[in-house]
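Student: First the structure, which I've put down as structure tokens, then a few questions once you've had a look.
Taken together, the values in this text are just the output of simple stated rules run on the coordinates, not laboratory data. Keep in mind that what you see is a predicted model, and the values were worked out from it rather than measured. Ideal geometry is used to build each Cβ from the backbone, glycine not excepted, and the neighbour counts take in all protein chains shown.
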Amino acid sequence: MSAPPALVVPEATAPASAEQPLILMGRILAPHGTRGWIKVEPYGDSPAVLAEQKQWWMSAPGGSSPERPEGWSRLSIVECEIHDRRLAVRPQGCVDRDAAAAYRGREVALQRGSLPELAKDEFYQVDLIGLDVVNGAGESLGRLEEMFSNGAHDVMRVVENTAPAQRVERLLPFIPTVVMKVDLAAGCIQVDWQRDW
């Protein structure tokens, strides 16, 4: 059995912009020090993807919905350092702790076109959300609604039938022994999982 494709960026919400779709990449936590730096928690396992970019998008205070692209503004990054799983970032024009505090709680995104090309068997989670999940017998288990990390590995939340009375939710680990194949062209993920598990 071959290993499933690697998963690079887990966040799946994709707010639209006038130029290109935006992919949520993280959120701003708090000021970092006294000289205008901020702490950023990247979504997913690859903080370097966000750290390598100098042009980010930032949500409005209180958040911006995908239906309101005008709520997003450009954020130029002057310096960025990776500290364990988080980033320390100095945005252009942010010179002290008070200015940095104004960024707290906002989400950050990148334009889809600025994300690096992936290897053949790698995918961004945003491309997996909405795919049908089927088992080896060809039985549909539902639609991939969300992916999240439980600390040990990524987990797929698969929903079958959206009618409230008949809704079935399954949590499947995104690991080599479960995910057999991802076929974007066919719009499905094949898994080693029985319907009654």
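Student: Out of all DSSP beta bridges in the chain, what portion is antiparallel? Express it as a percent rounded to 5.
Tutor: Values: 45 of 51 bridges.
Approximately 90 percent, going by the DSSP bridge assignments.
Student: Further question: So which trypsin sites (Lys or Arg not before Pro) in the stretch 90-184 are both in a DSSP loop and have at most 16 other Cβ atoms within 10 Å of their Cβ?
Tutor: Values: sites: ARG97, ARG104, ARG106, ARG112, LYS120, ARG143, ARG157, ARG167, ARG170, LYS181; in loops: ARG104, ARG106, LYS120, ARG167.
Of the trypsin sites (Lys or Arg not before Pro), the ones in loops of the stretch 90-184 whose Cβ has at most 16 other Cβ atoms within 10 Å are ARG104, LYS120, ARG167.
Student: Whole-Hz ³J(HN,Hα) for each residue in the stretch 152-161, computed from phi via Karplus 6.51 cos²θ - 1.76 cosθ + 1.60 with θ = phi - 60°, x for glycine and proline: what do you get?
Tutor: With the stated coefficients, the stretch 152-161 comes to 8, 6, 7, 10, 9, 9, 10, 10, 10, 6 Hz.
Student: Could I ask something else about it? Please give the net charge around GLY33, taking every other residue with its beta carbon less than 13 angstrom from that of GLY33, where Lys and Arg add +1 and Asp and Glu add -1. Please report the intermediate quantities before stating the final value.
Tutor: On the way: positive: ARG35, LYS39, ARG90, ARG97; negative: GLU79, GLU81, ASP96, ASP98.
Here the charged neighbours net out to 0.
Student: Taking square-rooted eigenvalues a ≥ b ≥ c of the alpha carbon gyration tensor, is the stretch 129-191 rounded, prolate or oblate, where a/c under 1.5 means rounded and, failing that, a/b exceeding b/c means prolate? Don't jump to the answer; show the numbers that get you there.
Tutor: Working: a/c = 1.74, a/b = 1.13, b/c = 1.54.
Cα axes put the stretch 129-191 in the oblate bin.
Student: Could you give each residue of the stretch 181-189 its phi-based ³J(HN,Hα) in whole Hz, using Karplus coefficients 6.51, -1.76, 1.60 with θ = phi - 60°, and x for Gly or Pro?
Tutor: So the Karplus estimates, Gly and Pro as x, are 7, 10, 10, 5, 4, 8, x, 8, 10 Hz.
Student: So for the chain, averaging the separation of alpha carbon pairs under 8 Å that are six or more residues apart and normalising by length, what relative contact order in percent results?
Tutor: Working: 447 pairs, mean separation 46.7, N = 197.
Across the chain, relative contact order equals 24 percent.
Student: Can you return the lysines within cross-link range of LYS120? Criterion is Cα-Cα under 27 Å, with same-chain partners fewer than 8 residues away left out.
Tutor: Candidates past the 8-residue exclusion: LYS54, LYS181.
Student: Considering every pair of different Cα atoms, what Kirkwood radius, in Å, is found for the chain? Don't skip to the end; give the middle numbers.
Tutor: Working: mean 1/r = 0.0551 Å⁻¹.
Result for the chain, one decimal place: 18.1 Å.
Student: Principal axis lengths of the stretch 92-197 from Cα atoms, whole Å, largest first?
Tutor: So the three principal-axis extents are 59, 37, 26 Å.
Student: Could you list which residues have their amide H under 5 Å from that of VAL78, counting only those 5 or more apart in sequence or on another chain, with H placed in the peptide plane?
Tutor: Residues meeting the amide H criterion: ARG90, GLN92.
Student: What residues have an amide H closer than 5 Å to that of MET25, excluding those fewer than 5 places away on the same chain, when H is modeled at 1.01 Å from N in the peptide plane?
Tutor: VAL108, ALA109, LEU110
Student: Here's something else I'd like to know. Please identify every one of the GluC sites (Glu not before Pro) in the stretch 102-197 that sits in a loop by DSSP and has no more than 15 other beta carbons within 10 Å of its own beta carbon.
Tutor: Details: sites: GLU107, GLU117, GLU122, GLU139, GLU145, GLU146, GLU160, GLU169; in loops: GLU117, GLU139.
For GluC sites (Glu not before Pro) across the stretch 102-197 that sit outside H, G, I, E and B with at most 15 neighbouring Cβ atoms in 10 Å, the list reads GLU117, GLU139.
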